[in-house]
1. Going through the stretch 175-244, which GluC sites (Glu not before Pro) have at most 16 other Cβ atoms within 10 Å and a DSSP loop state?
2. Can you list the residues, at least 5 places off or on another chain, whose amide H is less than 5 Å from the amide H of residue 205, using H built in the peptide plane?
3. Across bins of 10 angstrom width beginning at 0, how are the C-alpha pair distances of the stretch 57-117 distributed, in whole percent?
4. Take every DSSP beta bridge whose two residues both sit in the chain, then give the antiparallel share in percent to the nearest 5.
5. Of 173, 220, 139, which is the most mobile in a GNM of the chain whose springs link Cα atoms less than 10 angstrom apart?
6. Please list the equivalent ellipsoid semi-axes of the stretch 51-157, computed as the square roots of five times the alpha-carbon gyration tensor eigenvalues, in descending order and whole angstrom.
7. So what does the Cα-only Debye profile of the chain read at q = 0.07, 0.08, 0.10, 0.13 Å⁻¹, as log10 I(q)/I(0), no solvent term?
8. Provide the per residue accessible area, probe 1.4 Å, for the chain, rounded to a whole number of square angstrom.
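The values are calculated or read from the model by the stated rules, or taken from the named source; none is laboratory data. Predicted model, so just to flag it, every value in this text is computed and none were measured. Cβ sites come from the backbone with ideal geometry, for glycine too, and all protein chains shown count toward neighbours. SASA here: full protein model, heavy atoms, side chains in, ligands and nucleic acids out. Shrake-Rupley method; radii C 1.70, N 1.55, O 1.52, S 1.80 Å.
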Amino acid sequence: MKKIYTTLCALAIGAMAVFAADPVYNETTSTGYADIKTAWEAAADGDVLALNEDVKVSSRLAIDNKSLTIKGNNHKILRDIKNSLLFLLNANGILTIENATFESNDIASSTAMIEAGKAGAMLYLSDVTFENCTSTNNQGLVCAKSSGKFSINNVTFNNCTVNEGVGELFVGQNDCEIAGDNKCVIFEEKRVKIVGELTNVEPIKIIVKTPAAGTIVALQAKGYADKFVSGNDGWHFELNAKNELVMAEGASSAIDDIATDASEAIVNVYNLQGMLIRANVAASEATEGLATGLYIVGGKKVYVQ
């Protein structure tokens, strides 16, 4: 009897090892799959899908009325379809993606890659990178609209291409969440909400679709005003009494090089608290040797790396 029990255990362990080595492994059901589409369609509410290798998404994967998690395990999710979303979150569809890299796989598309597009839809991205992704869609690569929302934490866009004046992230619903260290451009129809510590060194550029004085850009922004810059010419951001980041008329706070001409402009340099750092220096030398951060140089905000 002991021998039979031992044999059964060995077989079970062996089967689990085989499943775990498959491209996609459902950790909840201990089932392996040859591709993400099959694993996705078989998954039930609350299931966790783990990637054991890079996978291709060859047809749109939709989710509604259930919650799924994809653990990337530092593997890639490759676009293998041209003019279609990779993931669509419908009503009450909740999708968490962590530790993964998205790539366009040399495919330029007219659509976003992920869309949260219905009431109750929620997309969570954590430790996710988008590399070499291209879209001609005016709602970027990750889109939240029609009551859908996203929450990002440590999300980076590297060498990605979207239409001019558009961000990689599209905010079409109030209170999409942001935390951690993110490298991105956000295009806002609605405001975002800071939900924890922001640690990004490079400011996040926010482009507002319809800029107006007093427009709320971000909630809970106390201490984080220097984490964002305006992508709208002639506008900058200020913190109001409610700790909301709002638009104000004036010089753009976008990250620009200091313009110089033959006459070599002379400028003053201030920190964000208004303290004079350098006086009457040549614009081309104004930021040399300064510590990383934002400064006011010649009346413009300049980010020093």
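1. Working: sites: 177, 188, 189, 197, 238, 244; in loops: 189, 244.
Here the sparse-neighbourhood loop sites are 189.
2. 184, 186, 229
3. P(r) for the stretch 57-117, in whole percents per bin: 23, 53, 24, 0.
4. Working: 24 of 92 bridges.
About 25 percent, rounded to the nearest 5.
5. Maximum fluctuation in the GNM of the chain, among the listed residues, is at 220.
6. On the way: eigenvalues 72, 53, 31 Å².
For the stretch 51-157, the semi-axes come out at 19, 16, 13 Å.
7. Values returned for q = 0.07, 0.08, 0.10, 0.13 Å⁻¹ are -0.35, -0.44, -0.63, -0.92.
8. Values: 14330 Å² over 305 residues.
Here the per-residue accessible area is 47 Å².
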